[in-house]
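Reading through the structure tokens given below for one structure.
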Amino acid sequence: MFSDKIQIGLIKQLNREYESSQLYLSMASWVEKKGFEGICEFLYDHSHEERMHMLKLIRYINKRGGNVVIDNVCIKKITYGSLKELFKKLFEHEKKISNKINLLVELSLKEKDFFTYNFLQWYVEEQIEEEALIRMVLDKMELIGEDRGGLYLLDRDIKNIHIKK
Ligand code: OFO
């Protein structure tokens, strides 16, 4: 069993992952209505990934004898001025998540909970990938600017965008 501080931190994080999943889902839906088939698939897939991140935390908390609490998550903003605005928001969101993961890692060391420290390393790696991926899409959007042809190609090719390891 872990300390109360660790349990509270992990529960907060699982709810952030849930919020991330809902955020990506609402964005995917908005993008789908705009007719960007590739970008909406990218976002729907990512919503699913975030749900997996939440599940991983739930399973870990239960395995360690803790008790899971799932909040009611409400995504209020469902409209964006542009695709670029949407991805900027996503990038800020992922940076916020990275910061929270780092704080949890710090807490696990303070509490000398090396099981949790070890468990969190997966999330540390994941956040490096996620920030890089969203930044890459954003960089491409900066490059394209207002060019509709460029956006059409990005929508077509987004499924092939991945981070080189
Ligand atoms: Fe996009 O983040 Fe989960 O961890």
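For the chain, the relative contact order works out to 28 percent when only alpha carbon pairs closer than 8 Å and six or more residues apart are counted. With a Förster radius of 25 Å applied to the C-beta separation of Thr79 and Met52, the computed FRET efficiency comes to 0.40. The label point for Tyr44 and the one for Glu125, both projected 7 Å from the Cα toward the Cβ, are 2.9 nm apart. Binning the alpha carbon pair distances of region 4-160 at 5 angstrom intervals from zero yields the distribution 2, 9, 17, 21, 17, 12, 9, 7, 4, 2, 0, expressed in whole percent. Structure remark: mean-square fluctuation, Gaussian network model of the chain, C-alpha springs under 10 Å; the largest value among Lys88, Lys34, Lys100 belongs to Lys34. If R₀ is 30 angstrom, what is the calculated FRET efficiency for the pair Lys95 and Met1, using the beta carbon separation as r and rounding to 0.05? That gives a FRET efficiency of 0.40. Listed values for region 64-70 are Karplus-derived 3J(HN,Hα) couplings in whole Hz (6.51 cos²θ - 1.76 cosθ + 1.60, θ = phi - 60°), namely 8, x, x, 10, 8, 10, 10, and x replaces Gly and Pro.
Semi-axes, largest first, in whole Å: what does sqrt of 5 times each Cα gyration tensor eigenvalue give for region 1-82?
31, 12, 7
Within straight-line reach of Lys63, meaning a Cα separation under 25 Å, sit the following lysines at least 8 residues removed in sequence or on another chain: Lys5, Lys12, Lys100, Lys110, Lys112.
Evaluated at q = 0.13 Å⁻¹, a Debye calculation over the C-alpha positions of region 70-165 (equal weights, vacuum) places log10 I(q)/I(0) at -0.62.
Here, each number is a calculation from the coordinates, and none is a lab measurement. Everything numeric here is computed off the predicted structure, so don't read it as measured data. Using ideal geometry, Cβ is built from the backbone for each residue, glycine included, and neighbour counts are taken over all protein chains shown.
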